[in-house]
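Presented below is the structure to which this report refers.
A short reminder: the numbers here are calculations on the coordinates, not readings from a lab. Note that the coordinates shown come from a computational prediction; the quantities given were computed from them, not determined experimentally. Note that we place each Cβ from the backbone using ideal geometry, even for glycine, and neighbour counts take in every protein chain shown.
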Amino acid sequence: MRNHFQHQANAYLSVNEWRIRLAMWGGAILLGITATIFAVVSEKANDVFKMILGVSPYLALVVAPLGLMLALWMTQRFFPGAQGSGIPQAIAAFEEGTTTAMRDEILSLRIAIGKILVTVLSLCAGASIGREGPTVHIGTALMYNMGKLMRFPPHYMERALILAGGAAGISAAFNTPLAGVVFAIEEISQSFEEKTSGVVLTAVLFGGMTALVLVGNYTYFGTSHAAFNNIRDWVVVPICGIVGGLLGGLFSQLLIRSARHVAPLIKRYPMRVAAVCGLLLAGIGLLSGNTTYGTGYAEAKSIITMTGTLPPSYPALKILATLVSYLSGIPGGLFAPSLAAGAGFGASIAAWFPSVPAGAVIILGMAGYFTGVVQTPITAFIIIMEMTSNQGILLPLMAVAFIAHGASHLVCPEPVYRALAEEFLSKQKKPEGEAAIAAPEAEAKAES
């Protein structure tokens, strides 16, 4: 026992261990600062596009195509690998089969910088994207490179720092620390590892505290007190779960399949694809009354707080706008647009059940669709509970999330982020495989 305490004391007082701790704390604080700046600048970018629409809604027909073309050109020319959500890249970097060279490329600071710049540019062009996926990618890149700089042990580099960066990224993006931890376990690692849990919790703690110091304590969608009045209100739970899960699963399946077909076209005709996507985005925006552009934060908040009305077609058009934006090949996340579309579906369901508190149905609809898209039920109900500061409907939220997960799996057996991560890894490994095949052929030609 005495030797055990002596060993613990030596470990605690070790200069090397304190070097690792300080570097980890510093990386988490830097991530909190970066995520906060990214959030503020992203909102400003949304405001810039709204100012353009204020001059004339039809300017979107010019700004959206040109903006997406410029964003795609920047991505391909200066920041290859920065396209898409960023969560698939974090998952790919975490996989055991990923080499150190591939991990260095996926989590390079160049890509992290590009993720911020091009996402902000895309929001200025009205793209229907979120910043949470990019923030996860940025978080993993910052923590990973901090580990390289300070020469962390390999077990930190390969798993712990990537998990910590992803968790802190979600936490700092939405002020949802618990959801950040659960997301890292449920989505990125798909397991709980005791040896990495301390690193994850430390990153979330310091990253979240930094964000709180900079912007204060806030709830993403404000505070909701919506709750069920009696047992009969539970009738909407299976409806929100099944409908939301099926719709979210269909969106994910459509995105996965469409991305596979559009990727070759982007490689051959990048500017044409971006221009077409931009025109479609503008057309959808005009049909929606200019409500489908950007992250969807303002629209979702107005639905949840019931301070504004949106057309019944809003959720469907928001889904289309998000799909078109993602297929253009630019960076951008799916979380925020999916939450907005889910809130819209919740409002539609609430209209069919006037006797059930509408605020509760809206939140449950949001949980159902969001779970259907991401297929991480625990993350879904926790993040929505934290975003609305509402524990009064926790049990219905849990029920909807797990029902939606099952319904989504029926139409989309493979989770969207996992499928996109596999696609990303296959593209990263393909050149090496092609080179290995080409070498014997070259030797044969030389001999002949």
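Between region 260-314 and region 102-171, what is the separation of their alpha carbon centroids in Å?
One Cα centre to the other: 25 Å.
Considering amide H positions built from the backbone, and no H for Pro or chain starts, which residues 5 or more places from SER288, or on another chain, come under 5 Å of its amide H?
none
If you place +1 on the Cβ of every Lys and Arg, -1 on the Cβ of every Asp and Glu, and leave all else neutral, what size is the dipole of region 17-215 about its Cα centre, to the nearest 20 Debye?
540
Using the number of other C-beta atoms within 10 angstrom as an exposure proxy, rank THR371, THR219, THR34, THR322 with the fewest first.
Fewest-to-most Cβ neighbours within 10 Å comes out as THR219, THR34, THR322, THR371.
Tell me whether region 271-418 comes out rounded, prolate or oblate; compute the Cα gyration tensor, take square roots of the eigenvalues as a ≥ b ≥ c, and use a/c under 1.5 as the rounded threshold.
oblate
Which value, in debye to the nearest 20, gives the size of the charge dipole of the chain about its Cα centre, when Lys and Arg are +1 and Asp and Glu are -1 at the Cβ?
Charge dipole, the chain, about its Cα centre: 620 debye, nearest 20.
For a label point 7 angstrom out from the Cα of LEU286 toward its Cβ, which stretches of region 38-60 have the backbone nitrogen within less than 13 Å?
56-60
How high is the relative contact order of the chain, in percent, counting Cα pairs under 8 Å that sit 6 or more residues apart?
22
Apply the membrane-span-like helix rule to the chain: whole DSSP H runs, Cα extent along the own long axis of at least 30 Å, mean Kyte-Doolittle hydropathy at least -1.0. List the helices found.
Those that pass (Cα extent of 30 Å or more, hydropathy at least -1.0) are 15-55, 194-215, 236-268, 416-447.
Which of rounded, prolate or oblate describes the chain when judged by the alpha-carbon gyration tensor and an a/c cut-off of 1.5?
It comes out oblate by the Cα gyration axes.
Fewest Cβ neighbours within 10 Å first, please rank HIS137, HIS409, HIS261, HIS225 accordingly.
Taking fewest neighbouring Cβ atoms as first place, the list is HIS261, HIS225, HIS409, HIS137.
Based only on other Cβ atoms within 10 Å, what is the fewest-to-most ordering of MET69, MET398, MET150, MET24?
By the 10 Å Cβ count, ascending: MET150, MET398, MET69, MET24.
Which shape class, rounded, prolate or oblate, goes with region 46-104 when its Cα gyration tensor gives a ≥ b ≥ c as root eigenvalues, a/c under 1.5 marks rounded, and past that a/b bigger than b/c marks prolate?
prolate
If N is the number of residues in region 17-215, what value comes out of its Cα radius of gyration divided by 2.2 N^0.38 Å?
1.04
Name the most mobile residue of VAL361, VAL276, VAL136, meaning the one with the largest mean-square fluctuation, in a Gaussian network model of the chain with Cα contacts below 10 Å.
Maximum fluctuation in the GNM of the chain, among the listed residues, is at VAL276.
In the Gaussian network model of the chain, springs joining C-alpha atoms below 10 Å, which of ARG151, ARG268, ARG103 carries the largest mean-square fluctuation?
For the chain, modelled as a Gaussian network with Cα springs under 10 Å, the answer is ARG268.
Running a GNM on the chain with Cα contacts under 10 Å, which residue among MET146, MET306, MET271 ends up with the highest mean-square fluctuation?
MET306
State the Cα centre-to-centre distance between region 40-67 and region 223-250 in whole Å.
Answer, in whole Å: 34.
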